[in-house]
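Worksheet for the structure shown next.
The values are calculated or read from the model by the stated rules, or taken from the named source; none is laboratory data. These figures come from a predicted structure and were not determined experimentally. Positions of Cβ are generated from backbone atoms using ideal geometry, with glycine treated the same way; all protein chains shown enter the neighbour counts.
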Amino acid sequence: MARTPETSDGKTIVSLWPTEGSRKTIVTHNWADPTTWYSNSTQVLNESPSVITPELVYELAEDNIIDVTHGKVWEEDLSMTSYKFLLEGSTDGGTSWTPFAEEDPHVEEHTGANGDYVIDYDTGIITFHSAIAVGTSLRASYYYADLSTPGASTYIVAPLPGKTLLLRKAEVQFTKDIVIGDTIAFETYGYADVFAPHLVNTFDPPGPLAPGTKIPISTTTYKTMRDYYNEANGAMPTYPALGGSGWRGIDQDVVVLQWDYAAMLPVSSAAGMEVRILLKHDQPFGGTYATATLYGLSEDE
């Protein structure tokens with residue numbers, strides 16, 4: 001057996017080695033902006049917008065349209081393309097459809113209007129830069145946050161099949177203008193088969209739940225700003241307003257509170273585990289920006 005290296009006075013020599021695994025960074029919805037609440041959003045396919053001004057201004061049936069164009073959602077270009085708003089037109093009675101081009105915010109910022117139209121994601125109002133052909137049929141496909149449906153704000157953190165998420169730390173970011181308007185809950189779920197097998201109907205005597213039913217395991221709630229301060233065990237210096245007043249910047253200072261967990265928190269796909277982060281009444285916060293970021297590793301089970 002190899003001898004453990006020691007110093008001259010008998011202390012064991014150790015070497016720190018980077019943790020192995022796939023790094024995972026998870027960023028929630030912005031609780032102050034329902035147009036970012038994609039995780040539990042509702043899909044609409046091929047809706048005919050209503051006319052406000054013929055050939056120029058139209059309105060969708062819904063508001064709080066999910067926006068994955070303006071950098072509001074983390075890594076929107078990598079994994080959020082299926083949520084992208086689509087507007088199409090037909091001049092032959094619906095036999096063929098051609099997509100219209102939404103205005104590129106970068107080009108608009110530097111050289112002015114471009115593309116075919118702009119959409120107000122908060123209200124669902126579509127405005128064309130110039131009149132479209134008379135008789136053009138329109139159809140729109142999109143996702144929206146339905147605030148009348150319980151759970152609309154829910155953000156789900158779940159591992160990929162065959163993986164376990166090991167959560168190491170978390171933080172919340174609040175702009176200084178934030179107004180806490182609801183209770184945030186962090187709810188952990190898992191299979192009843194694993195965490196409460198006596199509730200499953202294959203147990204003897206049979207329970208009320210079918211195999212594979214997910215049940216709540218633990219819940220932590222944050223009702224007030226004091227709750228965030230009380231549990232946080234670290235804080236970063238306040239980030240100053242930065243990036244300018246346009247869509248790329250933040251015009252408010254940002255306060256960052258940290259949770260550095262004493263041990264990794266495992267979220268196992270085999271156990272059907274997931275973390276649901278939600279506003280209990282789906283009431284958006286006032287102000288500009290409020291998110292949580294979770295840091296960890298994704299490993300094979």
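The residue of the range 94-108 that is farthest from Val73 (Cα to Cα), among those that are part of a loop (DSSP other than H, G, I, E, B) and of a type in the set (Ser, Thr, Tyr), is Thr95. Restricting attention to the range 90-102, does a residue exist that is surrounded by 14 or more Cβ atoms within 10 Å (Cβ to Cβ), closer than 19 Å to Thr42 by Cβ and at pLDDT 95 or above? Taking every residue of the range 90-102 in turn, none turns out to be surrounded by 14 or more Cβ atoms within 10 Å (Cβ to Cβ), closer than 19 Å to Thr42 by Cβ and at pLDDT 95 or above. For the condition surrounded by fewer than 16 Cβ atoms within 10 Å (Cβ to Cβ) and touching a residue at least 60 places away in the same chain (Cβ under 8 Å), Trp247 qualifies.
With respect to Tyr155, is the statement that it is over 30 Å from Gly234 (Cβ atoms), among the aromatic types (Phe, Trp, Tyr) and surrounded by 12 or more Cβ atoms within 10 Å (Cβ to Cβ) true? Judged against the criteria, Tyr155 is not a match. Might you let me know whether the range 49-66 holds any residue that is surrounded by 15 or more Cβ atoms within 10 Å (Cβ to Cβ), without any contact (Cβ under 8 Å) to a residue 60 or more places away in the chain and more than 23 Å from Ile132 (Cα to Cα)? Within the range 49-66, none of the residues are surrounded by 15 or more Cβ atoms within 10 Å (Cβ to Cβ), without any contact (Cβ under 8 Å) to a residue 60 or more places away in the chain and more than 23 Å from Ile132 (Cα to Cα).
For the criterion of being in the same structural domain as Gln258 (by TED's automatic domain parsing), touching a residue at least 40 places away in the same chain (Cβ under 8 Å) and in contact with a Leu (Cβ under 8 Å, 6 or more places away or on another chain), Asp182 passes. Residues that are farther than 21 Å from Thr25 by Cα, hydroxyl-bearing (Ser, Thr, Tyr) and in contact with a Pro (Cβ under 8 Å, 6 or more places away or on another chain) within the range 49-75 comprise just one, Tyr58. Here the condition is being among the hydrophobic types (A, V, I, L, M, F, W, C) and under 28 Å from Thr288 (Cβ atoms); of Ala145, Ala133, it holds for Ala145 alone. Considered as a group, the residues in the range 74-89 that are surrounded by 13 or more Cβ atoms within 10 Å (Cβ to Cβ) and at pLDDT below 95 include one that is farthest from Gly124 (Cα to Cα), and that residue is Trp74. Considering every residue within the range 220-233, establish whether at least one is part of a loop (DSSP other than H, G, I, E, B), modelled with pLDDT under 95 and over 21 Å from the mean Cα position of the chain (by Cα). Scanning the range 220-233, I find at least one residue that is part of a loop (DSSP other than H, G, I, E, B), modelled with pLDDT under 95 and over 21 Å from the mean Cα position of the chain (by Cα), so the answer is yes. Within the range 99-154, the set of residues being free of Cβ contacts under 8 Å to residues at least 40 places away in the same chain and within 15 Å of Ser48 (Cα to Cα) comprises Pro99, Phe100.
Listed residues Thr154, Thr149, Thr127; which is farther than 21 Å from Asp104 by Cβ and at pLDDT 95 or above? So the residue among Thr154, Thr149, Thr127 that is farther than 21 Å from Asp104 by Cβ and at pLDDT 95 or above is Thr154.
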